[in-house]
Amino acid sequence: MSVAPGVTTTTEVQASAEASAVFRSFVADAKVSGVYQGSPPRAFINGRLIRVGQLVEEGLGISFSGIDAENRMLLFKDRTGARVSKHY
């Protein structure tokens, strides 16, 4: 899948039109090693336990915004409000 000109990924992500290529690439490359659908939802992302609302990548302003359990998707947003999701 092409994320941006010259950038491809083998992990499926879905992104809003305004999501930057760097944001999409970060989410596509993120290593998810566990997902907990309880309250509050949380996931092990890049070796860290992240709860909803916490920053996953401070420099890019990317936060973990939730889980879509029915579709098995992790949801992310950045400081501009753009959204990207990734299958787990």
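So in region 73-88, with the set limited to residues that are in contact (Cβ under 8 Å) with a residue 60 or more places away in the chain and surrounded by fewer than 19 Cβ atoms within 10 Å (Cβ to Cβ), which one is farthest from the chain's Cα centre (by Cα)?
Once the filter is applied, the top-ranked residue is Thr80.
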Qualifying positions in region 57-74 - of a type in the set (A, V, I, L, M, F, W, C), farther than 16 Å from Gly34 by Cβ and touching a strand residue (DSSP E or B) at 6+ places or on another chain (Cβ under 6 Å): Ile62
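Of all residues in region 24-51, count the ones that are in a loop (DSSP other than H, G, I, E, B) and open to solvent by 60 Å² or more (accessible area, probe 1.4 Å).
Summing the residues that are in a loop (DSSP other than H, G, I, E, B) and open to solvent by 60 Å² or more (accessible area, probe 1.4 Å) in region 24-51 gives 6.
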Mind checking which pairs have a first residue in region 45-65 that is over 14 Å from Arg79 (Cβ atoms) and a second that is open to solvent by 60 Å² or more (accessible area, probe 1.4 Å) and modelled with pLDDT under 95, Cβ under 7 Å, 6 or more apart or different chains? Arg51/Pro40; Val52/Pro40
Quick test of your reading of the structure: Leu60 fulfils all but one of (1) open to solvent by 60 Å² or more (accessible area, probe 1.4 Å); (2) out of contact with any helix residue (DSSP H, G or I) (no Cβ under 7 Å at 6 or more places or on another chain); (3) of a type in the set (A, V, I, L, M, F, W, C). Name the failing condition by number. (2)
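The values are calculated or read from the model by the stated rules, or taken from the named source; none is laboratory data. Small disclaimer: the values here were computed from a predicted structure and weren't measured. Positions of Cβ are backbone-derived with ideal geometry, glycine not excepted, and every protein chain shown enters the neighbour counts. The protein model used for the area step is the full one, side chains on, heavy atoms only, and it has no ligands, DNA or RNA in it. Shrake-Rupley method; radii C 1.70, N 1.55, O 1.52, S 1.80 Å.
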